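Taking it in order: structure first as structure tokens, then the write-up.
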Number of protein chains: 2
Amino acid sequence: YIGIPSDIVNTEITVDAGKLDYSIPRNPQDTQEAALKDIIRAIQQAKNPIILADACVLRNNMKKELAELVKVSGFPVYVAPMSIDVVDHDLPSYRGCYSGSSSLDQVKKEVLSADLILELGSEQTDVNTGGFTYGLDTSKIIEFHTFVTKVFYSTYEKVSMQELLPLVIKHFPSSANIDPASIERSLGPRARRADTPPGEVIVQDYFWNKMTEYFPERSIIVTETGTANLGAFNVDLPKDCIFISQLLWGSIGYTVPATLGAAVADRSRRTFLVVGDGSFQLTVQEISSMLHHGVCPIILLINNDGYLIEKLIHGRDRKYNDIQMWEYAESFNT
Amino acid sequence: YIGIPSDIVNTEITVDAGKLDYSIPRNPQDTQEAALKDIIRAIQQAKNPIILADACVLRNNMKKELAELVKVSGFPVYVAPMSIDVVDHDLPSYRGCYSGSSSLDQVKKEVLSADLILELGSEQTDVNTGGFTYGLDTSKIIEFHTFVTKVFYSTYEKVSMQELLPLVIKHFPSSANIDPASIERSLGPRARRADTPPGEVIVQDYFWNKMTEYFPERSIIVTETGTANLGAFNVDLPKDCIFISQLLWGSIGYTVPATLGAAVADRSRRTFLVVGDGSFQLTVQEISSMLHHGVCPIILLINNDGYLIEKLIHGRDRKYNDIQMWEYAESFNT
């Protein structure tokens, strides 16, 4: 608990003249040049290079630079569960979501057989890595981070991808360029989730394959931690979608207010929320705020009959993992 | 955020043999004897002594000792907003709630004219003291605390009321005993909230005078921080009631889950919740848990049309203090 006097916002303080400096600190130039040289050499020598783009590309607002790198390199590109929307899924070089042993078999095979991985903005948490089953070989990975760059076993301190990546693009060796059309020739068609026929039980494969048909371009798709999120890993997004999930902390209940925020932030997009009933009940009152703010996201509520993921982790038959069933749709008429 | 591995509860650790020692540390004996001597002498010399009992009497589970002190002394007894239920309101020596300038005029007059105040378990926060308007004279106050005792300007370190208060009762000077019946003769009838006739607007005086008629003995009454709580200061409780409020941190939304907890903890009592609509919406889903656990408290929902207290503090016409109106009763049918 932090107590803050309610009138603190009215307190006048003295601030040094001048504007706040929002510029990003420059990378140390000698270190950066050394890193750049190593990276260019590694790219020239690679036979099966790939790009693996993760959450911090989004956090650093570098989708444009990533698109440029994908274009200039022609390398096959993979995303992580926390960055599904980081590249355009319509690109011929887009190959799917890599999350260790949770990946589609073919995606796993492709990533593991690469001889060079340009890993951008990686955030290796439990769920984002398929429970720490990445299994990638350091001797093949170049890591671009927010505050550091690593080329195989070498660390280049304070070399941020924000300054370095544009330089890599600028100096990209033309010899390395792969024709995107040739990727499918060599790797075969992109891995996709099994085409499951409708049945009595709605399985994740069926649900997500079906759902994506309904997402228009420019949708915002929010998926709650748990069943919704785990199922969404291999979703195929239409053009220019924003995909919001919260794997880093695993806080259930996050998505209902997040959906409100997203829908208010850009009313020109269609917003979808996919959430289980357990998480939904934690922050349900934000539906009221949605009505109050006049936004109308589409909510897909998965009836898990309680805290399903919790049941799977611990206490399958415990009462504390059960919740009261509601007549959800009718509740919001009142 | 604190991350805790979900399997930590299954980890075996080595603990020294023997049971946990729950006993309270003994007071330093010489210091305690000196304090006791000073206290007894002060009581013998007092002409208009009173008792002011506050929250830490409840926290230290000392209602019984307080009742004993009230009985053996016969002194008029006052409570604070955080300890309304600490003494039986049917006692002839019970005189009401003292909270500085927020008190009923007569209560304030009585407390301020005392020449000795036995102040038990005082918790002097903003709301509990009428915004720090206690205005009591240190030269008249004996403070009994959880870890210290103060007699006027002297501090007796580590002398806890848990050990000291029974000694004060045991050695209470018989000369000091006041006949409870004589209190009303000297002070007049106990101060009560104005008897307000029903009108178009429901005012706090009318509401709380009326409500108390409906509380049976042994009720649990929970009042939310804000309008509900501020109005409840001068409530007259039937025998053996439990009064739950949360003035210390001022966290709105506290009472809905607190009501669930109280109702589950003692299903033999009738539980009442008085809460404003702003606070209610913050934690409304615990109503679902009430249904799930089969408890049925009576909820009095005050339609303030938004965050009323927040409006009064700051932003009277600001949109962020407005909320969406619900058809509350119907919501819970679904």
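The values are calculated or read from the model by the stated rules, or taken from the named source; none is laboratory data. These numbers were taken from a predicted model, which means no experiment stands behind them. Here the Cβ positions follow ideal geometry from the backbone for every residue, glycine too, while neighbour counts run over all protein chains shown.
Here are a few things to note about the model shown:
- Some residue of segment B:144-151 being touching a residue at least 12 places away in the same chain (Cβ under 8 Å) and under 13 Å from B:GLY100 (Cα atoms): no
- So A:GLU163, is it acidic (Asp, Glu) and more than 28 Å from A:ARG26 (Cα to Cα): no
- For segment B:127-142, filtering for residues that are in contact with a Phe, Trp or Tyr (Cβ under 9 Å, 6 or more places away or on another chain) and either outside the structural domain of B:VAL107 (by TED's automatic domain parsing) or acidic (Asp, Glu) (or both) leaves 0.
- A:ARG95 vs. criteria at negative phi, among the basic types (Lys, Arg) and touching a residue at least 60 places away in the same chain (Cβ under 8 Å): yes
- Number of the exception - A:GLY74 against (1) in contact with a helix residue (DSSP H, G or I) (Cβ under 6 Å, 6 or more places away or on another chain); (2) surrounded by fewer than 16 Cβ atoms within 10 Å (Cβ to Cβ): (2)
- Here is the figure for segment A:312-334: residues that are within 10 Å of chain B (Cβ to nearest Cβ), surrounded by 12 or more Cβ atoms within 10 Å (Cβ to Cβ) and of a type outside the set (Gly, Ala, Ser) total 11.
- Residues within segment B:156-203 that are at positive phi and hydrophobic (A, V, I, L, M, F, W, C), tallied: 0
- Residue check: B:ASP105 meets all listed conditions (1) surrounded by fewer than 21 Cβ atoms within 10 Å (Cβ to Cβ); (2) within 25 Å of B:GLU217 (Cα to Cα) but one, namely (2).
- Taken together, the residues in segment B:1-49 that are away from chain A (no Cβ under 14 Å), surrounded by fewer than 10 Cβ atoms within 10 Å (Cβ to Cβ) and among the acidic types (Asp, Glu) amount to 4.
- Residues satisfying the stated conditions in segment A:302-311, i.e. buried (at least 17 other Cβ atoms within 10 Å of the Cβ) and either of a type in the set (Val, Ile, Thr) or not in a helix (DSSP H, G or I) (or both): A:ILE302, A:ASN304, A:GLY306, A:TYR307, A:ILE309
- Residues of segment B:295-315 that are in contact (Cβ under 8 Å) with a residue 24 or more places away in the chain and aliphatic (A, V, I, L, M): B:VAL295, B:ILE298, B:ILE299, B:LEU300, B:LEU301, B:ILE302, B:LEU308, B:ILE309.
- Close Cβ contacts (under 6 Å, 6 or more residues apart or on different chains) running from residues in segment A:32-48 that are within 12 Å of A:VAL168 (Cβ to Cβ) to residues that are assigned to a helix (DSSP H, G or I) and modelled with pLDDT under 95 comprise A:ILE43/A:ALA176.
- Within segment B:267-301, considering residues that are part of a loop (DSSP other than H, G, I, E, B) and within 11 Å of chain A (Cβ to nearest Cβ), the one farthest from B:CYS241 (Cα to Cα): B:GLN285
- Test: residue in segment B:226-242 that is at pLDDT 95 or above, in the same structural domain as B:ILE313 (by TED's automatic domain parsing) and among the aromatic types (Phe, Trp, Tyr): no
- Of all the numbered requirements in (1) closer than 23 Å to A:ILE287 by Cα; (2) more than 14 Å from chain A (Cβ to nearest Cβ), B:ILE242 misses one, and that requirement is (1).
- Among the residues of segment A:152-181, those that are touching a residue at least 24 places away in the same chain (Cβ under 8 Å), surrounded by fewer than 16 Cβ atoms within 10 Å (Cβ to Cβ) and among the polar types (S, T, N, Q) comprise A:SER154, A:SER175, A:ASN177.
Condition check ((1) in the same structural domain as B:SER182 (by TED's automatic domain parsing); (2) among the β-branched types (Val, Ile, Thr)) across all residues:
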| position | (1), (2) |
| --- | --- |
| B:GLU12 | no, no |
| B:ASP21 | no, no |
| B:ALA35 | yes, no |
| B:ILE40 | yes, yes |
| B:LYS47 | yes, no |
| B:ALA53 | yes, no |
| B:ARG59 | yes, no |
| B:LEU66 | yes, no |
